[in-house]
Amino acid sequence: MSTPLYIALEGLEGCGKSTHTKRLGEHLNAVITREPGGTRIGALLRAILADPENVDLDRRTEALLMAADRAQHMAEVIKPALDRGQHVVSDRSIYSTLAYQGYGRQLGTEALLSISTWALNDRLPDMVIYIDVPTDVLNARLAKRDLDRFEREGADFFARIAEGFRELRAADPDRWVIIDGTVPKDDVEAAIRAQVSNRLNQ
Ligand code: TMP
């Protein structure tokens, strides 16, 4: 059996990450999970983070709650799965913290990288699949759903996050693959599978 991979899907809200996390996870017979909220404790943290009434949540508190969710997720879901030889496919990861809190909330990435790496006990994703969809297309998709605390932020917040993801990808090209998320779902799925199969055969 090949070495199990920890694969994260990343992108802005509405890009199709959740659909493709599920599709890829089922294809690989992987553990399918997400951040925040991949554990019972994580679901409690996610409720605080997503609640639009929590307008007083400080940005550092927000970052630390994300890191707490991540520590629990690594200990309870990711590490045990990898240890027993199963792939893990996760909807979001440490890179969402770097993009959303680092760039979106303008906390910078240095401290966040160190806190999240500590939370992960140094086990970063092996592969990050970025589903790329222009923000105007995403805005049209989001108009159709109930918005959480993050989705209520303005266009500047999301522009900073998109730029953050661009810089993170450019700084670490071996870890990231970019998938065009504007084509039909089955084509997105095929493109993701092709990239993962390349990685598995390396
Ligand atoms: P979701 O919409 O992909 O389920 O993610 C929930 C929200 O949490 C989304 O707006 C992105 C945000 N988020 C962060 O701000 N930092 C993080 O580290 C993670 C994992 C998610």
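Entry remark, segment 5-31: residues being surrounded by fewer than 20 Cβ atoms within 10 Å (Cβ to Cβ) and not in a helix (DSSP H, G or I) number 3 in total. List the pairs whose first member sits in segment 94-115 and is more than 10 Å from the ligand (Cβ to nearest atom), whose second member is of a type in the set (S, T, N, Q), and whose Cβ atoms are under 9 Å apart, counting only residues at least 6 apart or on separate chains? From residues that are more than 10 Å from the ligand (Cβ to nearest atom), the pairs are Tyr103/Thr109; Leu107/Gln101; Thr109/Thr97; Thr109/Gln101; Leu113/Thr97; Ile115/Thr97. Among residues of segment 176-202 that are over 15 Å from Val133 (Cα atoms), those with a beta-carbon under 6 Å from a residue that is surrounded by 13 or more Cβ atoms within 10 Å (Cβ to Cβ) at least six positions away or on a different chain give the pairs Trp176/Val128; Trp176/Tyr130; Trp176/Arg169; Gln195/Val177; Arg199/Met127.
Considering only residues that are modelled with pLDDT under 90 and in a loop (DSSP other than H, G, I, E, B), look in segment 121-150 and name the one that is nearest to Asn54 (Cα to Cα). Can you show your working first?
Residues of segment 121-150 modelled with pLDDT under 90: 135-147.
Still in the running and in a loop (DSSP other than H, G, I, E, B): 143-147.
Working: Ala143: 21, Lys144: 22, Arg145: 19, Asp146: 16, Leu147: 13 Å.
Within segment 121-150, the match that is nearest to Asn54 (Cα to Cα) is Leu147.
Tell me, please, whether a residue that is out of contact with any helix residue (DSSP H, G or I) (no Cβ under 7 Å at 6 or more places or on another chain), in contact (Cβ under 8 Å) with a residue 60 or more places away in the chain, within 22 Å of Ala30 (Cβ to Cβ) and surrounded by 14 or more Cβ atoms within 10 Å (Cβ to Cβ) can be found in segment 154-175. Taking every residue of segment 154-175 in turn, none turns out to be out of contact with any helix residue (DSSP H, G or I) (no Cβ under 7 Å at 6 or more places or on another chain), in contact (Cβ under 8 Å) with a residue 60 or more places away in the chain, within 22 Å of Ala30 (Cβ to Cβ) and surrounded by 14 or more Cβ atoms within 10 Å (Cβ to Cβ).
The values are calculated or read from the model by the stated rules, or taken from the named source; none is laboratory data. Predicted, not measured: the structure shown is a model, and the values here were computed from it. Heads up, the Cβs are rebuilt from the backbone with ideal geometry, glycines too, and the neighbour counts pull from every protein chain shown.
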